[in-house]
Amino acid sequence: MRLHSSSLHGSLRDPVLGSIGFLNEVMSRYPEAISFAPGAPHPDTLENIDTEWYVGRFIDYLVQTGRSPEQARRLLLEYGPSRGIINGIVADALRRDHGIDAPANTLVMTVGAQEAMLLVLRALFRSGEGVLAVANPCFVGIVGAARLLDIDVIPVDEMDVGIDLDGLEQTCRSSREDGRPVRALYVAPDFSNPGAARMSLGRRRRLLDLAEREGFLVIEDNAYGFTAAAGAELPPLKALDTARSVVHIGTFAKVAFPGARVGYVIADQPIGSSGGGTLLADELAAVKSMVTVNTSPLCQAVIGGMLLEHGGSVIELSRRKSELYQRNLTCLVDALDHHLGDGSHPGIRWNRPCGGFFVRVHLPVPVDAALLEVSAAKYGVLWTPMRQFYLGRAGDHQLRLSCSYLDPERIEEGVRRLTAFLSEEIECRSDSGNSD
Ligand SMILES: Cc1ncc(COP(=O)(O)O)c(C=O)c1O
């Protein structure tokens, strides 16, 4: 039977669902190019991960905490509880590392942060009611999940200092007046993807006050918090959340390895008016039982073993990775300053994030797939057009550079190529004055 695309769910024709495939396709056609496109982990961080050994470490822990070796082995080979099997270890790590006081029963282990987003949105949004506000530009994963579920998304501008709180307040007011109140806000307060925004402590507190006042939940994505320089860490929103307004989503994709596909969500919100009821986490586990049933126990065991081996601390587990990504980011910004910062490239500017994987470059011309093709074919350098991360008409004059998986020499060479591309192709087409 031939199917008409118009007979399939509308989200399948939404560009956001094709955005990752588009980049992979361009990269596959230019394997020799230096790619600043993907936010992939640095290959060094994947060396010497002895998954079997970590599984053994976790089995030893199960035996030490009361299971027989046979029970421990079976736990990893059978279907498991939807909420997960390493929740206690993760809850302890979050308490130790960040002061997040979330008991194990408030956590659900998920197939990456991506599944956590889907579960949370499914549970929170009734058909046709309420809207999801997102920091704009926005991670495609949350917008894609909302599209799959027919949830309306409303953008709120994000600057280098984080989401525009006055704009958010205004959005809450106008959405309420329209009869479609903001039910939840998605935000990544530490080095968002793609904007690399970071919220100060004061702004975090203001956001939580606003959430309480306006009655929306904050979906916090903490994928890049670990990249903060030592001593410059800020508490996640969840550590400041006294009103249970925050649903916190984390992932082991960057602090351990992405192939594990292990993430988690803290959902400690009580359901119902009196005590003794259920938690949002229980509802998420019920949704999960109809999506992926459970997160692979073997993969959870590897992550559990990695955490135990690093003193039960994500900070310890990720310390060297954090240093590596700090080094790469410094390298990228220094190379941009060195090659493009001499004042002879009008209209070209970039931000200077202090963590995360990404730098944004503003150009005086529109940045689109055709321009990327020229950059790849003639200059051997790839990047991501920022347009695909924006809702509404914005971001046309920006590109995103990711420095996570390159070595310093490749970053330097990549910026040289980028400089040649910008000097020869961009400055002559410049419609300067038009930038966003
Ligand atoms: C903002 C953000 N959240 C979450 C993730 C990770 O998601 P997952 O755990 O599903 O790999 C990424 C990965 O690129 C990301 O950029």
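The values are calculated or read from the model by the stated rules, or taken from the named source; none is laboratory data. Note that the coordinates shown come from a computational prediction; the quantities given were computed from them, not determined experimentally. No Cβ is skipped: glycine too gets one built from the backbone with ideal geometry, and neighbour counts run over all protein chains shown. Note: accessible area is taken over every heavy atom of the protein model, side chains too, but ligands, DNA and RNA are not part of it. Shrake-Rupley method; radii C 1.70, N 1.55, O 1.52, S 1.80 Å.
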- Query: Using a Gaussian network for the chain with springs between C-alpha atoms less than 10 Å apart, which of these wobbles most: L240, L12, L298?
  - Reply: L12
- Query: Between segment 212-233 and segment 40-82, what's the alpha-carbon centroid distance in Å?
  - Reply: 29
- Based on DSSP H runs of at least 4 residues, each adding -39500 (n - 2.57), what is the mean residue ellipticity at 222 nm of the chain after dividing by all its residues, to the nearest 500 deg cm²/dmol? -13000 deg cm²/dmol
- Using Cα atoms only, what is the angle between the long axis of helix 369-379 and the major principal axis of the chain, expressed in degrees (0 to 90) to the nearest 10? 70
- Query: Once the piece of chain linking A370 and A232 is laid out straight, how much longer is it, given 0.36 nm per residue of separation minus the C-alpha distance between them?
  - Reply: 45.7 nm
- Please list the non-local residues whose amide H lies under 5 Å from the amide H of R349, H modeled 1.01 Å from N, same-chain partners needing a gap of 5 or more. H362
- Specify the angular offset, from 0 to 90 degrees and rounded to the nearest 10, of the alpha carbon long axis of helix 112-124 from the longest principal axis of the alpha carbons in the chain. 70
- Query: Where the centroid of each part is defined by its Cα atoms, how far is segment 86-128 from segment 260-323 in Å?
  - Reply: 5
- What order do you get for 51-58, 33-40, 88-95 when each peptide is scored by the mean count of other beta carbon atoms within 10 Å, highest first? 33-40, 88-95, 51-58
- Query: Tell me, what is the FRET efficiency for S423 and V293 to the nearest 0.05, using R0 = 56 angstrom and their Cβ-Cβ distance as r?
  - Reply: 0.55
- Item | Dipole of segment 51-316, positive direction: furthest Cα of S296, A253, A228, with charges on the beta-carbon | S296
- Task: Report the label-to-label distance for L8 and R410 in nanometres (one decimal), using points 7 Å from each Cα along the Cα→Cβ vector.
- Result: 3.2
- Taking all protein chains as present, what is the carbon and sulfur share of the accessible area of segment 51-316, in % to the nearest whole number, probe 1.4 Å? 51
- Query: Considering only the chain, what is the antiparallel percent among its DSSP beta bridges, to the nearest 5?
  - Reply: 50
- Hey, for a label at E129 modelled as a point 7 Å past Cα toward Cβ, could you say which residues of segment 179-218 have their backbone N under 17 Å away? 179-185, 215-217
- Message: On a full-extension model of 0.36 nm per residue, what is the gain between D178 and E323, subtracting their alpha-carbon distance, rounded to one decimal in nm?
- Response: 47.5 nm
- Under 12 Å from the Cβ of A33, count the other residues' Cβ atoms, weight Lys and Arg +1, Asp and Glu -1, and hand me the total. +1
- Message: Name the residue from A102, Q64, G215 whose Cα lies farthest towards the positive end of the charge dipole of the chain, charges +1 on Cβ of Lys and Arg and -1 on Cβ of Asp and Glu.
- Response: Q64
- Accessible surface of R67 in the full protein assembly, 1.4 angstrom probe, to the nearest 10 Å²? 100
- Under unit Cβ charges (Lys, Arg +1; Asp, Glu -1), what dipole magnitude, rounded to 20 debye, does the chain have relative to its Cα centre? 780
- Message: Between D209 and C354, what is 0.36 nm times their sequence separation minus the Cα-Cα distance? Round to one decimal in nm.
- Response: 49.6 nm
- Message: Over the chain, with the other protein chains present, what is the accessible area per residue in square angstrom, probe 1.4 angstrom?
- Response: 43
- Message: From the protein chains alone at 1.4 Å, what is the descending order of accessible area for K378, K288, largest first?
- Response: K378, K288
